[in-house]
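The values are calculated or read from the model by the stated rules, or taken from the named source; none is laboratory data. This structure is a prediction, so every number in the text was calculated from the model and none was measured. So basically every Cβ, Gly included, is an ideal-geometry build from the backbone, and we count neighbours across all protein chains shown. When the accessible area is computed, the model is the full protein with side chains, heavy atoms only, and any ligands, DNA or RNA have been set aside. Shrake-Rupley method; radii C 1.70, N 1.55, O 1.52, S 1.80 Å.
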Amino acid sequence: MAKVDTSSSRPYHIVIFGASGFTGQFVVEEVARIVSEGPNGTLKWAVAGRSRQKLDKVLEQAAGALGKPELRTAVEVIVADVGEPDSLAAMCKQAVIVLNCVGPYRFWGEPVVKACVENSAHCIDICGEPQFLESMQLNYNSQAADKGVYIVGACGFDSIPADMGVLYTREQFKGTLTAVESFLTASTGPEGGSLNDGTWKSAIYGFADSGKLRSLRKKFGHKPLPVVGSKIKRRYRGLALFYSNEVQQYAVPFMGADPSVVKRSQRFLLEEHQETPVQYGAYAGVGGVANIAKMLFAGMMFWFLVKFDFGRNLLIKFPEFFSFGFFSKDGPTRKQMECSSFQFAFYGEGYTEGQDPSQGRPNAKIRTLVQGPEAGYVATPIAMVQAAITILNEPTALPKKGGVYTPGAAFSRTTLVERLNKHGIQFSVI
């Protein structure tokens, strides 16, 4: 069982590391909103990062945004730097859980995981980089298990809506669910929207190192997951683009971490709980013909430039130009965030109770939705913070031993979905 109690030597339930980053600011504000949801109705927390001055500014901004002037003086500031192992160790020794907001994780994530494992602090991140997530499982799972430490990656928009959405769909299905396809769509208000260029940088380096991810996966020695029922079919041929009747617009394969994370969760649930693995296909709506033209042009430029050092430097230097404004160094404004939202539609199929999944085609379908506010800086902090609150309040519902987990593996037996429902990320059956 996870150790979640504070003490005189470990005074904080949560320490937000990287609190002065773009996403970190909003994680700080989300933690400040939900302090009453901590163990016994209180939450002890602190912020951490390289610059005390910047962290003080974060608390000042949070105090103004939330109308909570006490944040300026009531929240402890811890100075820690990924380049200084001793400072990370000192930070981790004070925390029950570290919320790590410092990315790209492929460059800055491992020292935090290492410090957490060595100093018995649980760790949650919002990484959408499969190579980092899977390498942490390969390199630290056994050490984390020995220490009773829970390292849970991808606890933001990548990949809690998808991972928990598949589990929710299976839970609601009356019988044996064998396959799910998800379709992501997003909407913005009249002022549009964008994402901070930190996500753009992660994508650039992720595509550049895709060959390393394939070699990493071979090291696990996993056998393919068994296919139950009809094998899920790819929706497109040749060009990865098709018209989706489900979302009434053109769609492409979802390029984020969701497929990797869901597959890892399904493998865990098969091996640990003998649950039938669910096949998963992930797609994202891209709109109409005008958007397709932009996407094809941007995609061709991206694929060409990402292969070369000079090209990657150009992509990083001019994110707005190469992404048609989808990514920017400034990120979205608060007004843009307020007017934005996302929706995941899940289409599942399987066999009704009493039907043998090895005989014949699936005979039942289900449709579920996961929908919520702006994905990057509203839904992501909600998901990350509720994951931490779940660990603090439901340690006996976590896997029996520590380790490096996906959200679905860590939280399949908890009330995380119910907690998210109460905070604006809604799970429902249609």
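Structure summary
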quantity: Of all residues in the stretch 221-240 being surrounded by 12 or more Cβ atoms within 10 Å (Cβ to Cβ) and at pLDDT 90 or above, the one that is nearest to Asn139 (Cα to Cα); calculated: His222
quantity: Selection status of Ala388, farther than 20 Å from Leu177 by Cβ, of a type in the set (Gly, Ala, Ser) and buried (at least 24 other Cβ atoms within 10 Å of the Cβ); calculated: yes
quantity: The stretch 342-357, residues that are buried (at least 18 other Cβ atoms within 10 Å of the Cβ) and either among the β-branched types (Val, Ile, Thr) or in contact with a helix residue (DSSP H, G or I) (Cβ under 8 Å, 6 or more places away or on another chain) (or both); calculated: Phe342, Phe344, Phe346, Gly348
quantity: Candidates Arg312, Arg264, Arg214 - the one that is at pLDDT 95 or above and either out of contact with any strand residue (DSSP E or B) (no Cβ under 7 Å at 6 or more places or on another chain) or not β-branched (Val, Ile, Thr) (or both); calculated: Arg264
quantity: Flag if Ala345 is of a type outside the set (Val, Ile, Thr) and either over 30 Å from Asn291 (Cα atoms) or at pLDDT below 95 (or both); calculated: no
quantity: Filtered residue count, the stretch 106-132, keeping only those that are of a type outside the set (A, V, I, L, M), outside any strand (DSSP E or B) and crowded, with 24+ Cβ neighbours inside 10 Å; calculated: 6
quantity: Of all residues in the stretch 156-186 being among the acidic types (Asp, Glu) and open to solvent by 20 Å² or more (accessible area, probe 1.4 Å), the one that is farthest from Ser340 (Cα to Cα); calculated: Glu171
quantity: Yes/no for Pro395 being open to solvent by less than 60 Å² (accessible area, probe 1.4 Å), more than 20 Å from Phe26 (Cβ to Cβ) and modelled with pLDDT under 95; calculated: no
quantity: Failed item, numbered, when Phe324 is tested on (1) outside any loop (DSSP other than H, G, I, E, B); (2) open to solvent by 100 Å² or more (accessible area, probe 1.4 Å); calculated: (1)
quantity: Any hit, the stretch 403-419, residues being surrounded by fewer than 17 Cβ atoms within 10 Å (Cβ to Cβ), under 20 Å from Pro259 (Cβ atoms) and modelled with pLDDT of 95 or more; calculated: no
quantity: Test result for Lys335, touching a residue at least 60 places away in the same chain (Cβ under 8 Å), surrounded by fewer than 15 Cβ atoms within 10 Å (Cβ to Cβ) and out of contact with any Cys (no Cβ under 9 Å at 6 or more places or on another chain); calculated: yes
quantity: Any pair with Cβ under 6 angstrom, 6 or more apart, that starts in the stretch 217-245 at a residue that is within 30 Å of Leu296 (Cα to Cα) and ends at one that is of a type in the set (Val, Ile, Thr) and surrounded by 14 or more Cβ atoms within 10 Å (Cβ to Cβ); calculated: Ala240/Val252; Leu241/Val252
quantity: Helices (runs of 4 or more DSSP H) completely within the stretch 1-100 that count 2 or more residues being open to solvent by 50 Å² or more (accessible area, probe 1.4 Å) and within 22 Å of His423 (Cβ to Cβ); calculated: 22-33, 52-66
quantity: The stretch 137-155, residues that are open to solvent by 10 Å² or more (accessible area, probe 1.4 Å) and in a helix (DSSP H, G or I); calculated: Gln137, Leu138, Asn139, Tyr140, Asn141, Ser142, Gln143, Ala145, Asp146, Lys147
